[in-house]
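Accompanying notes for the structure given below.
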Amino acid sequence: VEETRYGRGVRVRDLEKLHEAIGLYLATSKKVLSGKELRFLRNQMGMTQSDLARLLGCNAQQVARYEKDLNQIPGPADRLIR
């Protein structure tokens, strides 16, 4: 925490390590991934929706629906993503 000209703020000194820690937490947690969590993990892995869809055996539109929380991620897909 530090003071800025706009007030108190938080500085992240190592964003890559922060993202790594978040990814590890998401990959090892017991709850089903949310759409935002899925998008975060996919982006951290450097994958497009189409890339992930190929691995999951679905299409990019289905991945988009998972990421928008329009459809729940099925158990086997959730485990494979982790």
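Is segment 18-34 home to any residue that is among the basic types (Lys, Arg) and either in contact with a Phe, Trp or Tyr (Cβ under 9 Å, 6 or more places away or on another chain) or part of a helix (DSSP H, G or I) (or both)? Within segment 18-34 (the criterion being among the basic types (Lys, Arg) and either in contact with a Phe, Trp or Tyr (Cβ under 9 Å, 6 or more places away or on another chain) or part of a helix (DSSP H, G or I) (or both)), the answer is no, since none of the residues qualifies.
Kindly check whether there is at least one residue in segment 30-40 that is touching a Gly at 6+ places or on another chain (Cβ under 7 Å) and either at pLDDT below 95 or not aliphatic (A, V, I, L, M) (or both).
no
For segment 41-78, taking the residues that are open to solvent by 50 Å² or more (accessible area, probe 1.4 Å) and hydrophobic (A, V, I, L, M, F, W, C), the one that is nearest to Val12 (Cα to Cα) is identified as Met45. Glu3: more than 22 Å from Arg79 (Cβ to Cβ) and of a type in the set (D, E, K, R), yes or no? Spelling it out, Glu3 is indeed more than 22 Å from Arg79 (Cβ to Cβ) and of a type in the set (D, E, K, R). Checking the conditions here, which among Leu41, Leu52, Leu56, Leu80 is touching a residue at least 40 places away in the same chain (Cβ under 8 Å) and touching a helix residue (DSSP H, G or I) at 6+ places or on another chain (Cβ under 8 Å)? Criteria check complete, one pass: Leu41. For segment 7-40, the candidate set comprises residues that are open to solvent by less than 40 Å² (accessible area, probe 1.4 Å) and not small (Gly, Ala, Ser); within that set, the residue that is farthest from Pro74 (Cα to Cα) is Leu26.
The values are calculated or read from the model by the stated rules, or taken from the named source; none is laboratory data. Since we're looking at a predicted model, the values are computed, not measured. Glycine gets a Cβ as well: all are built from the backbone with ideal geometry, and neighbour counts include every protein chain shown. Heavy atoms of the whole protein, side chains included, go into the accessibility calculation; ligands, DNA and RNA do not. Shrake-Rupley method; radii C 1.70, N 1.55, O 1.52, S 1.80 Å.
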